1. If you add up the charges near residue 131, with Lys and Arg at +1 and Asp and Glu at -1, over every other residue whose beta carbon is less than 12 angstrom from its beta carbon, what do you get?
2. Residues with beta-carbon under 15 Å from that of residue 218, excluding residue 218: net charge, scoring Lys, Arg +1 and Asp, Glu -1?
3. Can you tell me the length gained on complete extension of the stretch residue 284 to residue 21, counting 0.36 nm per residue apart and subtracting the Cα distance?
4. Pull out a ≥ b ≥ c, the square roots of the eigenvalues of the alpha-carbon gyration tensor of the stretch 268-335, then state rounded if a/c is under 1.5, prolate if not and a/b is larger than b/c, and oblate in the remaining case.
5. Pop a pseudo-label 7 angstrom from the Cα along the beta-carbon direction at both residue 293 and residue 7 and give the gap in nm to one decimal.
6. Mind putting together the pair-distance distribution for the chain? All Cα pairs, 10 Å bins, whole percent per bin, short to long.
7. Any aspartates and glutamates with Cα under 19 Å of the residue 120 Cα? List them, leaving off those in the same chain fewer than 8 positions away.
8. At a Förster radius of 30 Å, what calculated FRET efficiency corresponds to the Cβ-Cβ distance of residue 165 and residue 326, to the nearest 0.05?
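Please treat every number below as a calculation from the coordinates, not as lab data. Keep in mind the model is a prediction, meaning the values are calculated, not measured. A quick note on method: Cβ atoms are made from the backbone with ideal geometry, for glycine too, and the neighbour counts reach across all protein chains shown.
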Amino acid sequence: MAGISFRNVSKRYGNTVAVQNASFDIQPGEFFCFFGPPLSGKSTILKLMLGLETPDEGEVLIDGRPVNHISPGHRNVAMVFQNLALFPHMTAAENVRFPLVERKVPEATIRARVDAVAAKLHIAHLLHKLPAHLSGGERQRVAIARALVRDPVAYLMDDPISALDARLREETRVELKRIQRELGQTLIYVTHDQEEAMSVADRMAILEHGEIRQIGAPVDIYDRPASRYVAQLLGAPMMNIMAAAPSGRPETGEGTILLPAEQMSGNVAGVGIRPEDLKVEPWAEGHAGRPATVYEVEPLGGYTVVTLDTGSQKLRALLRGQPDIRIDSRVALSCNPERVHFFGAAGEALRP
Ligand code: ADP
């Protein structure tokens, strides 16, 4: 088990900057996610860890040792393949032993390693089965067992479950988190799915155009995003952002969402409110909240997403259950001032 660190690592392909000045320390045993939109540099970071690419600048360290000039075969970092692909014509046992057979490891050693790994992952009773006869979670355990037989210092996964259907993805996600905790091994995971990143990671790094914008525990980043970009990348529906009027109050059309004046400095260019923090009440004369019209209602069963038209923009609210809200009705919007986010002109978060 090892930690992996980058020190000011950059990687370019011709004129394309794939990774720019990246620095981080992944702790041994940590479940660490790289999250960002497509082409933000996530896969390149994994390739730099594996040794499939060499940095143009900076240093990659595994377990504190510089590895820039160490070949992939000598880094002992395992890649668990996309979609957890197993060879369909081989039993689980044959799949798991494959990396050792390939390396011409003696048969007795292979048997001992496969038995040990199968016990660790609780799959001994599945070893005789073909992948088609395993559940999603079981397939995942077998795929991880196949990586584990090599006894790597860390595991990397590049968007491993994005191609699975939604239900299988949920099952696989839970299983993966559980396995990582049981094994206590360093797991480095790439995803472009915010819900997945939030749900599995101990900590995550958020990427934009090859640059790391924020590193932290998912809920800390969610509650204290460093920028508007990060704020809107996490959470669904995404955070509402209102322009701040020159007076320092959010742009309103008519009425305002009440905020204590001391929170509004002249630097505020954007005011952010997460959909679950927006309070929607029936309109009543004299209500202090901001008036709006209900534009559309999306009942999701446990939650309802309501789109509200304030006259100047549309805001979205996430309400519990199935509230009785009619389209085109007048409502008043308000928000707990402590849950409001402020952003400067460059999108940087401003802390009151
Ligand atoms: P992600 O994994 O977030 O989708 P990548 O790391 O694959 O992003 O890509 C980051 C940037 O580097 C993109 O602009 C991509 O086009 C470019 N890139 C990645 N690999 C190569 C390559 N082998 N040759 C040229 N450009 C590449």
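1. Value of the local net charge: +2.
2. Working: positive: 173, 177, 203, 213, 224, 274; negative: 30, 193, 195, 196, 202, 220, 223.
Result for the local shell: -1.
3. Length gained, residue 284 through residue 21: 89.3 nm.
4. Judged from the Cα gyration tensor, the stretch 268-335 comes out oblate (a/c at least 1.5, b/c at or above a/b).
5. According to this spin-label approximation, the distance is 6.2 nm.
6. Calculated over all Cα pairs of the chain, the distribution is 5, 21, 25, 21, 15, 9, 3, 0, 0 percent.
7. List returned: 30, 94, 138, 151, 175, 182.
8. 0.30
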